[in-house]
Amino acid sequence: MLYSFLYSIVRPILFLLPAETSHDLGLKALRLLHSIGLVALLKPSIPAVPTRVFGLEFSNPVGLAAGLDKNADYLDALGALGFGFVEVGTVTPRPQDGNPKPRLFRLAREHAIINRMGFNNKGVDHMVEQLKTRQYRGIVGVNIGKNLTTKVENAVDDYLLCLRKVYAHADYIVVNLSSPNTPGLRSLQFGEQLEALLKTLQAERQFLSAQQQRLVPLLLKIAPDLTPAEVAGIADTVRKAGIDGVIATNTTLSRVGVEQSPHRDEAGGLSGAPLTQGSTAVLMQLAKALDGSMAVIGVGGIMQGADAVAKRQAGAALVQIYSGFIYRGPALIAESARALQHG
Ligand SMILES: Cc1cc2nc3c(=O)[nH]c(=O)nc-3n(C[C@H](O)[C@H](O)[C@H](O)COP(=O)(O)O)c2cc1C
């Protein structure tokens, strides 16, 4: 298959460069190829696996996870690769630089990534402009967060602002409380803080939906570093809040499986192969606790089609990939879609 062959040539070149340089270069190259019509020509053949979730029609259940295209600058090119949906962001109200570089590390032997990007993005106004001019007609989710300089106790203001600005331009919206790289953010996943935050956002969503005559699904994205009791607590709160779904999971603070890597002590979230089992375990606990009351998207360590099938067996209606896409290229989209079609 041509695209697998091409990626097998391109990947070693990209992997010679520092991780963030190759990330930027890879996306720019993809956009260039798309602008001259080559992406559509070279893209893997992906089976149509129509999937209806949140009242939305997905061409297949394999999406791109948040964080690869933080500003929706590459949406058309990424969409042309055949993803069933693309999630852009995390976007914050104001532009911010994120953490100092280096902040992205490849653990090639472990098929993993550690990142402490820290929500580097161009701000929500830029994102809205990009979304307005998009050509991609597939499903687009927008993942929203808070600025580093906004105090955790005022986080709701940032989420409200982003929700209002992106509402008219998103197919679904994700409240991201699970990045390990924004101090204090994960504390909002629990108890009264979560309840209050979701209540406010849900009320605003109802208002916007009445005003714009269009109900945009609202989702929560959670961390994998949760005890079963914490997962049960979150399930209870999201049910009461009446939001539409949960994305499980973000990256992990655990370093199990990467003990031999020279990068093991880098601060940040670990993703890829070492995350697969832990993330799927949290997904399964969550899906059980939700008992079909809302849909769950499974993400975390999908490196092959069988991992996508395991997510579905654990209760995911849709899946997303990030690290596996970096290691395997577009072939993983096709492989996962095929596995979910037959699995
Ligand atoms: C470099 C990098 C940046 C990320 N940025 C974000 C982000 O901005 N928002 C978010 O919700 N998740 C972000 N993620 C997490 C991914 O969306 C995903 O949940 C996680 O990597 C697990 O999936 P994977 O094992 O397929 O990579 C990021 C992941 C990586 C590797």
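Taking the stretch 41-82 as the region of interest, how many residues are out of contact with any Asp or Glu (no Cβ under 7 Å at 6 or more places or on another chain) and away from the ligand (no atom under 16 Å from the Cβ)?
Residues meeting the conditions: 22.
Can you tell me which residue in the stretch 89-136 is farthest from residue 274 (Cα to Cα), limited to those that are among the aromatic types (Phe, Trp, Tyr) and part of a loop (DSSP other than H, G, I, E, B)?
136
If you check residue 114 against the conditions, is it among the aliphatic types (A, V, I, L, M), modelled with pLDDT of 95 or more and surrounded by 20 or more Cβ atoms within 10 Å (Cβ to Cβ)?
yes
How many residues are within 16 Å of the ligand (Cβ to nearest atom), of a type outside the set (Phe, Trp, Tyr) and part of a helix (DSSP H, G or I) if we restrict to the stretch 137-169?
5
Among what's in the stretch 43-73 and is under 17 Å from the mean Cα position of the chain (by Cα) and on the phi > 0 side of the Ramachandran plot, pick the residue that is surrounded by the most Cβ atoms within 10 Å (Cβ to Cβ).
By that ranking, first place goes to 72.
The values are calculated or read from the model by the stated rules, or taken from the named source; none is laboratory data. Predicted model, so just to flag it, every value in this text is computed and none were measured. Methodologically, a virtual Cβ is constructed for each residue, glycine included, from the backbone with ideal geometry; neighbour enumeration extends over all protein chains shown.
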